[in-house]
1. Answer with one residue from 118, 39, 90: the one whose Cα lies farthest towards the positive end of the charge dipole of segment 22-154, charges on Cβ with Lys, Arg +1 and Asp, Glu -1.
2. Please report how many Lys pairs in segment 49-131 have alpha carbons closer than 26 angstrom, counting only residues at least 8 apart along the chain or sitting on separate chains.
3. If you put +1 on each Lys and Arg Cβ and -1 on each Asp and Glu Cβ, how big is the dipole of segment 1-131 around its Cα centre, in Debye rounded to 20?
4. How would segment 1-70 be classified by its alpha-carbon gyration tensor: rounded, prolate or oblate, with rounded meaning a/c under 1.5 and the a/b versus b/c comparison settling the rest?
5. Angle check, please: helix 126-135 long axis (alpha carbons) against the longest principal axis of the chain (alpha carbons), in degrees 0 to 90, nearest 10.
6. Determine the equivalent ellipsoid of segment 22-154 by diagonalising the alpha-carbon gyration tensor, then write out the semi-axes as square roots of 5 times the eigenvalues, largest first, rounded to whole Å.
7. Counting helices only, and only those DSSP H runs with n ≥ 4, report the 222 nm mean residue ellipticity of the chain as the sum of -39,500 (n - 2.57) divided by its residues, in deg cm²/dmol to the nearest 500.
8. Cα axis of helix 140-154 to longest principal axis of the chain: angle in degrees, 0 to 90, nearest 10?
Amino acid sequence: MSQPRPHFVRRPSAPTTKRLDYRVFRENVREDFRGTCAYCLLEEKWAAGRENFELDHFRPKSLFPHLLMSYYNLYWSCHVCNRFKTDRWPPRQLLEQGVGYVDLCASPFQEHFVVQKNGKWRGKSLSAKYTIDSLRLNRPHLVELRVLLRELALQ
Ligand SMILES: [Zn+2]
């Protein structure tokens, strides 16, 4: 059986640069993530526009300096998710149990999360619970927006 399609499908080959500045990839990464936050899945238009989005190093650059320029380690993130994530990385005892940030470039959303009627996400896996807690993915603004957007879609 083939693997289920991940939520985000990145371009098949990474763009290259001679400059030692990962920010040159900003527009490429933005395109790969279709202008959507890799963590809370908010689209730019609901989250103060593209100026409010940042390049996140999925594996933090402070802990994985060799991945500083690695294209596929760059994720599109809203400012708030990126601020909560900062340099955080799961402690070793969690990593040893296979728990870490849910990577939606590797798996489909439904594999880890359930969207509840009240707008909150429920984690189906330990990684999902860790991700929801660490990045506050049920913060009031997000929950209100999810409910509002669902109501709009129903009209
Ligand atoms: Zn976000």
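Readers should treat all values here as calculations from the given coordinates under stated rules, not as data from a laboratory. Here the structure is a predicted model, which means the values were calculated and not measured. Neighbour counts are summed over all protein chains in view; Cβ atoms, including those assigned to glycine, are modelled from backbone coordinates with ideal geometry.
1. Projecting each Cα onto the dipole axis, the largest value belongs to 118.
2. So the count of such lysine pairs works out to 7.
3. About 160 debye.
4. Note, shape of segment 1-70 comes out oblate.
5. Once rounded, one gets 80 degrees.
6. Each semi-axis is √(5λ); the values are 24, 20, 12 Å.
7. About -8500 deg cm²/dmol.
8. Long axis of 140-154 versus the principal axis of the chain: about 70 degrees.
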